[in-house]
Amino acid sequence: MNLSNTQETLLVTNSDLSRSQFTDVNLREAQFTDVNLAQAAFTDINLSEATFRDVNLSRIIIEDCDVTGMKIDGLLVSELLKSYREKA
């Protein structure tokens, strides 16, 4: 299926969209529940003000990212990194 230059609200349930590609797509305020994004790649993505709850983040890699204001369990990541670097 090819959607191009479309402005629609999609409701997708019980679907396999493996190997799908999204380029220059606005998913603002989209909701993802019980979604498998294992081995997905994210490049040039805006996740500002996103909330993650009950998410498996094991073995993820975060590189070259702006973590300003980012919190994990209420702790500022920038402060955690600063503390880590000072002790290293």
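Within the range 67-88, being of a type outside the set (A, V, I, L, M, F, W, C), exposed (fewer than 10 other Cβ atoms within 10 Å of the Cβ) and in a loop (DSSP other than H, G, I, E, B) holds for Thr68, Asp73, Gly74.
List every residue pair whose Cβ atoms sit under 6 Å apart, with the two residues 6 or more apart in sequence or on different chains, where the first one lies in the range 67-79 and is closer than 16 Å to Thr51 by Cβ and in contact (Cβ under 8 Å) with a residue 12 or more places away in the chain and the second, anywhere, is surrounded by 12 or more Cβ atoms within 10 Å (Cβ to Cβ) and of a type outside the set (D, E, K, R). From residues that are closer than 16 Å to Thr51 by Cβ and in contact (Cβ under 8 Å) with a residue 12 or more places away in the chain, the pairs are Val67/Val77; Val67/Ser78.
This table checks each residue for (1) out of contact with any Ser or Thr (no Cβ under 7 Å at 6 or more places or on another chain); (2) modelled with pLDDT under 95; (3) of a type in the set (D, E, K, R).
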| site | (1), (2), (3) |
| --- | --- |
| Asn2 | yes, yes, no |
| Glu8 | yes, yes, yes |
| Asp16 | yes, no, yes |
| Glu63 | yes, yes, yes |
| Leu76 | yes, no, no |
| Ala88 | yes, yes, no |
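Scanning the range 36-54 for residues that are β-branched (Val, Ile, Thr) and surrounded by fewer than 10 Cβ atoms within 10 Å (Cβ to Cβ) turns up Thr43, Thr51.
The values are calculated or read from the model by the stated rules, or taken from the named source; none is laboratory data. Predicted model, so just to flag it, every value in this text is computed and none were measured. Backbone-built Cβ (ideal geometry, glycine too); neighbour counts: all protein chains shown.
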